[in-house]
Amino acid sequence: LVLVVDYGAQYAQLIARRVREAHVYSEIVPHTLSVSELAARRPTAVILSGGPASVYAEGAPQVDPALFSAGVPVLGICYGFQAMAVALGGQARQTGESEFGRTGVSVRQAGALLAGLEPTEPVWMSHGDAVTAAPAGFTTLASSIGAPVAAFENAELKLAGVQWHPEVAHTVHGQQVLEHFLFDIAGCTGDWTSSSIVDDQVAAIRAEVGDRRVLCALSGGVDSAVAAALVQRAVGDQLTCVFVDHGLLRKGEAEQVKHDFVDVTGVDLVVAEESERFLAALEGISDPETKRKTIGREFIRSFEDAARGIAGDKGIDFLVQGTLYPDVVESGGGDGAATIKSHHNVGGLPEDLQFTLIEPLRTLFKDEVRAVGTELGLPDSMVWRQPFPGPGLAIRIIGEVTRERLDLLRDADAIAREELSAAGLDRQVWQMPVVLLAQVRSVGVQGDGRTYGYPIVLRPVTSEDAMTADWSRLPYELLERISTRITNECRQINRVVLDVTSKPPATIEWE
Ligand code: XMP
């Protein structure tokens, strides 16, 4: 276990991911954790992340020097590096030479940390303060114009640090430096793999569930599918999955979930066919938030009905949720079984449904969830599914949701997805919402006649985590094929437009 201490930048998650890419399990902890609490977790190593503060600013988070005599190897990065330098008796201050972005550092002495690096290394920097004197007993390994001490180590004490960000892709040999720390300095072993995750989780779920009953709401997405497949492997037919078909899914989606999933896992699946209920509830509603709330509410009711039908008087003891690690970190972290109230992945389940949650993915990032899905034998079509929002196509129809509009959007969306797949771009594009502007009409000409139809928006985006996104530069030929097919095959659509806005300022979905 490697603990990444979060000093409040967005980099801590990235560091944890890079450590895991080296097959070493890592977790993020807040910087408010005391040294004894840290040590109690028995980490093999600790990494101090970057952060927005200046080490000398009032109230800036400091590192307790006791950490460095706890016998745990430590790597400081950026702010963590400066805080480490100060705590060990070195010096950091404003040099007047801020460095942001791509910077060259001169490697003076490779040491263990920088072994194999070029004399001048391209790295990614982001700092105003710099370490001006390394602590006694430490060797300065590198320097840059803005950072007189840009890296140091004390191999004997297993302590090292870098001013730059080894975790970002722009730092060419970043991963190499992290691995030197993990393996050559800290002595980690890289044996954390998707098969070891599956084995550990299956054993843990079996131990927790015993012979009791488990329920899982399948959304059709990757996370709930992988979570369910893990629980299925652990406890077999003690698990029942419920799939609420709200009629807001894309073409073929409900069938695909049923077939792909049931065929591969053999899971016991109950499909609640509820499209009438959702359409009725959505009648007359155009406001995005009202749509979302209405769908959330109906979802809970449908799920409750199905759960009661399944459980009878015996009740269900456990509920599976596909909560991922970023959700856990963002909601404050913490170990142990959470109660149903603190999560809303299943749309805010009511408090009188008493379950214990099973969240087998709560320590995993998305890419790790996909690897586990593949390990469990789930098909690529399921493991590599692009994200799709819980409220479904309802939030991709701008205006009131009606059956006719849903059918129209479903057809257009199917064409766009088909062409994107045919172009081999499914994995490059994070997702491509197709949006029907049902409140807008424009004039067109088709055959010899004037048309007055709806526009369709294509919203292809690239992203790492959906927090930020950029519009995808799809090839013009592909856009042309999609546009021609949609306007030819979807009678009421006479215009296809492309959304070229990043997130921020826009969001990925239109509602
Ligand atoms: P936005 O539109 O906020 O979307 O940029 C970010 C990501 O979240 C998905 N999304 C949702 N997923 N329930 C979900 O399960 C929702 O209500 C929801 N709204 C947006 C969206 O598709 C994108 O991947």
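The values are calculated or read from the model by the stated rules, or taken from the named source; none is laboratory data. Treat the numbers as computed from the prediction; the structure is a model and nothing was measured. Counting neighbours? That spans all protein chains shown, and the Cβs are built from the backbone with ideal geometry, glycine included.
Only helices (runs of 4 or more DSSP H) whose full extent lies in region 184-263 are considered here, and the ones with at least 2 residues that are within 11 Å of residue 320 (Cβ to Cβ) and assigned by TED's automatic domain parsing to the domain that holds residue 368 are 194-209, 222-235.
When region 238-284 is filtered for residues that are free of Cβ contacts under 8 Å to residues at least 40 places away in the same chain and among the basic types (Lys, Arg), the ones remaining, listed by number, are 258, 277. Here 19, 29, 4, 105 are screened, and the one residue that is in contact with a helix residue (DSSP H, G or I) (Cβ under 9 Å, 6 or more places away or on another chain), buried (at least 23 other Cβ atoms within 10 Å of the Cβ), among the β-branched types (Val, Ile, Thr) and part of a strand (DSSP E or B) is 4.
Answer with yes or no whether residue 402 is among the hydroxyl-bearing types (Ser, Thr, Tyr) and modelled with pLDDT under 95.
On the way: among the hydroxyl-bearing types (Ser, Thr, Tyr): yes; modelled with pLDDT under 95: no.
For residue 402, the condition - among the hydroxyl-bearing types (Ser, Thr, Tyr) and modelled with pLDDT under 95 - is not met.
Restricted to region 52-87, and to residues there that are in a loop (DSSP other than H, G, I, E, B) and either under 21 Å from residue 148 (Cβ atoms) or not assigned by TED's automatic domain parsing to the domain that holds residue 19 (or both), the residue that is modelled with the highest pLDDT is 78.
Taking into account only those residues within region 279-316 that are in contact with a Gly (Cβ under 7 Å, 6 or more places away or on another chain) and modelled with pLDDT of 90 or more, which is surrounded by the most Cβ atoms within 10 Å (Cβ to Cβ)? Steps first, please.
Taking region 279-316 and keeping what is in contact with a Gly (Cβ under 7 Å, 6 or more places away or on another chain), we get 279, 286, 296, 299-300.
With modelled with pLDDT of 90 or more added as a condition, the list becomes 279, 286.
Working: 279: 18, 286: 15.
The extreme case among them is 279.
Select, from 393, 376, 425, the only residue that is away from the ligand (no atom under 15 Å from the Cβ), in contact (Cβ under 8 Å) with a residue 40 or more places away in the chain and touching a helix residue (DSSP H, G or I) at 6+ places or on another chain (Cβ under 6 Å). Even if it seems obvious, please write down each step before you answer.
Details: 393 fails: away from the ligand (no atom under 15 Å from the Cβ); 425 fails: touching a helix residue (DSSP H, G or I) at 6+ places or on another chain (Cβ under 6 Å).
Sole residue among the options that is away from the ligand (no atom under 15 Å from the Cβ), in contact (Cβ under 8 Å) with a residue 40 or more places away in the chain and touching a helix residue (DSSP H, G or I) at 6+ places or on another chain (Cβ under 6 Å): 376.
Hey, does region 31-47 have a residue that's within 15 Å of the chain's Cα centre (by Cα) and either of a type in the set (Phe, Trp, Tyr) or within 24 Å of residue 60 (Cβ to Cβ) (or both)? Give the derivation first.
Kept after step one, since they are within 15 Å of the chain's Cα centre (by Cα), are these residues of region 31-47: none.
No.
If the condition is being touching an Asp or Glu at 6+ places or on another chain (Cβ under 9 Å) and touching a residue at least 12 places away in the same chain (Cβ under 8 Å), then region 285-300 contributes 285, 286, 288, 291, 292, 298, 299. Residues in region 5-15 include at least one that is hydroxyl-bearing (Ser, Thr, Tyr) and in contact with a Gly (Cβ under 9 Å, 6 or more places away or on another chain). Considering 494, 488, the condition of being assigned to a helix (DSSP H, G or I), assigned by TED's automatic domain parsing to the domain that holds residue 399 and more than 16 Å from the ligand (Cβ to nearest atom) is satisfied by 488 alone. Looking only at residues in region 430-451 that are touching a Ser or Thr at 6+ places or on another chain (Cβ under 9 Å) and farther than 17 Å from residue 486 by Cβ, the one that is surrounded by the most Cβ atoms within 10 Å (Cβ to Cβ) is 431.
If you go through region 229-248 and keep only what is buried (at least 24 other Cβ atoms within 10 Å of the Cβ) and away from the ligand (no atom under 16 Å from the Cβ), you end up with 229, 230, 231, 232, 239, 241.
Would you call residue 67 within 28 Å of residue 188 (Cα to Cα) and either in contact (Cβ under 8 Å) with a residue 60 or more places away in the chain or in contact with a Pro (Cβ under 6 Å, 6 or more places away or on another chain) (or both)? Against the criterion (within 28 Å of residue 188 (Cα to Cα) and either in contact (Cβ under 8 Å) with a residue 60 or more places away in the chain or in contact with a Pro (Cβ under 6 Å, 6 or more places away or on another chain) (or both)), residue 67 does not qualify. Please enumerate the residues belonging to region 353-388 that are of a type in the set (D, E, K, R) and touching a Pro at 6+ places or on another chain (Cβ under 9 Å). Listed by number, the list holds a single entry, 366.
With 458, 409 as the choices, which residue is within 16 Å of the ligand (Cβ to nearest atom) and either of a type in the set (Phe, Trp, Tyr) or in contact with a Lys or Arg (Cβ under 8 Å, 6 or more places away or on another chain) (or both)? Step through it out loud before you land on a result.
On the way: 458 fails: either of a type in the set (Phe, Trp, Tyr) or in contact with a Lys or Arg (Cβ under 8 Å, 6 or more places away or on another chain) (or both).
Only one candidate qualifies: 409.
The residues of region 6-27 that are among the acidic types (Asp, Glu) and closer than 20 Å to residue 190 by Cα, listed by number, are 21, 27.
All conditions but one from (1) under 20 Å from residue 4 (Cβ atoms); (2) touching a helix residue (DSSP H, G or I) at 6+ places or on another chain (Cβ under 8 Å) apply to residue 135; the one that does not is (1). Residues of region 358-373 that are among the acidic types (Asp, Glu) and within 16 Å of the ligand (Cβ to nearest atom): 359, 367. Scanning region 233-278 for residues that are within 27 Å of the chain's Cα centre (by Cα) and among the acidic types (Asp, Glu), we see that the one that is modelled with the lowest pLDDT is 260.
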